[in-house]
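To start, the structure itself, in structure tokens.
What follows draws every value from the coordinates through simple rules; no lab data is involved. Just so we're clear, the structure is a prediction, and the values are computed from it rather than from any experiment. Here the Cβ positions follow ideal geometry from the backbone for every residue, glycine too, while neighbour counts run over all protein chains shown.
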Amino acid sequence: MSNLSKKYPRHKARPEDKVSKSPAPANSKPKGLNNIENMITPPTIKVEKEELSLASVPQHETIDTIDTTTGSDNLGTGQLRMWVGTLLEAKKQATMLVTTYKNTPNPDNDDKIKRRVQDVEAFLWWLDNEVEVHPGLRSPRGPVDQILGLLEKSNFIPKHITKWAGEILTRFEEDNWGAEVGQVSDSEIVMGEQEQAPELPRRAPAGPSSVPMARVASDSGTANVPIPPVNHPIWGERGIMHGLCMKRGKTKSYSLNPNYIDKKADAKVFGHNNLTPGDWWPMQKAALFHGAHGAPISGISGTPELGAYSIVTSGRSTTYGDMDEDHGDVLYYSGDQSTDNVNPTRVIMTSKRTQSLEKSMQTGRPVRVLRSSGGSSLFHPSVGIRYDGLYRVTERLQKFNKKGGMYYQFKLIRDPGQTPLKEICKNSPSKQQRLDEAKIRDGY
């Protein structure tokens, strides 16, 4: 068993969910326990020389970079082995691993096979930690179900890989591969066209960096990525990018740092979750690491059974700019897939994310609200993403989109007794945080 599977045993039973203890306003209903899967939907899946554009990207998404290539294996001092390949490369690696283990005497003593094991582990780590399940990952559009099935059923490869693959496959199948009511089927996903995701907040501009280019083996699908120094002012343990690392290739992209995955806070918690209104991060993936929001892409994190834990409202949304209304202490937030419906008499697409907001309205449990940068709103931060406190879903309204289709809009009211939003907007992000944010692209 490699260092990765020993040090980062994400492929095991998840602990029971927790409920954060935070002051509740008068007449509030009791809080409950929660249970949610972190879902990470890659906006684009590379297929050979074409790109698979996912036609049904979850609503209210924010994307730090257009990048789907992350994963991990620990190489020891100074570097991490991370997944930077396509899904077809992953399928090739998995197939070759099974074949070589079957046909090679004493495969555990073969250095080439050991490296292939590390490559497959890097892919599994990426799937387990940074991928939000989506129908586009499954056959016939994507080969992830085939890859996991192949690894799970093999009697030759290391047992920890078969177990890991099986548990990821089970989780994805339990989530029905992210399929929602009324969602576009796999056969309707467009091939060969690159479609921009609905929500695209601040992207890292091109510029110089001290990060060396990743060394990628031509057929491995992995790259050796430098580990951020622990004392780095931006990327170190006291920096704003703590818990993340940078990959530098044709574009810069950001990934969870496997060295700190055991420090990642659980976002499946109702209430403040040890956070303070006004807490700020440079990007949504950093908010994920600190337990503020349960996904690096989707803007609604929750479950239909228990409710929404958190939502992100984007200041740069071109899709929902005329559908969401932000009045600070009162927020009107449109449901998932609100732009898709054309039926003026009923809502025909109710996703699990929208159902989680409906459940929160029924239970009265608090919802963490985060605001990301952009737009002309006075309440959104100038850069990054900020936690603005607890809100309650009090009402569901029926609205109509530009196509004349009906959709649900939810009214959220901020809990009293918290730091005033006006004060938060004035002080967060701080001047130093803004200066540090501008240095992220310099690397480490």
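For residue 400 and residue 174 in the same chain, what is the full-extension length gain: residue separation times 0.36 nm, less their Cα-Cα distance, in nm?
Numbers: separation 226, 0.36 × 226 = 81.36 nm, distance 3.26 nm.
Stretched fully, the residue 400-residue 174 segment lengthens by 78.1 nm.
Convex hull over the Cα atoms of segment 262-442, averaged projected area in nm²?
Details: hull surface 42.7 nm².
Hull-based average projected area comes out at 10.7 nm².
Taking H as built 1.01 Å from N, whose amide H comes closer than 5 Å to the amide H of residue 157, not counting residues under 5 places away?
none
Using the structure shown, select from 252/352; 91/112; 92/114; 264/422; 91/247; 159/247 the pairs with a Cα to Cα distance greater than 24 angstrom.
Working: 252/352 32 Å; 91/112 17 Å; 92/114 16 Å; 264/422 30 Å; 91/247 22 Å; 159/247 30 Å.
In this structure, 252/352; 264/422; 159/247 lie more than 24 Å apart at Cα.
Got a sec to turn the phi values of segment 288-295 into Karplus ³J(HN,Hα) couplings, 6.51 cos²θ - 1.76 cosθ + 1.60 with θ = phi - 60°, whole Hz, x for Gly and Pro?
Karplus values, whole Hz, x for Gly and Pro: 4, 4, 8, x, 7, 9, x, 8.
For a quick protection proxy, order the peptides 431-440, 221-230, 294-303 by their average other-Cβ count within 10 Å, most packed first. Working shown, then result.
On the way: 431-440: 15.6, 221-230: 21.2, 294-303: 26.3.
Listed from highest to lowest mean packing, they are 294-303, 221-230, 431-440.
Taking H as built 1.01 Å from N, whose amide H comes closer than 5 Å to the amide H of residue 400, not counting residues under 5 places away?
Amide H neighbours of residue 400, under 5 Å, 5+ apart: 407.
Taking H placed 1.01 Å from N in the peptide plane, check which residues at least 5 places from residue 244 or on another chain put their amide H under 5 Å from its amide H.
Distant-sequence amide H within range of residue 244: 257.
Give the percent of DSSP beta bridges with both residues in segment 278-396 that are antiparallel, rounded to the nearest 5.
Working: 13 of 17 bridges.
Of the beta bridges lying entirely in segment 278-396, close to 75 percent run antiparallel.
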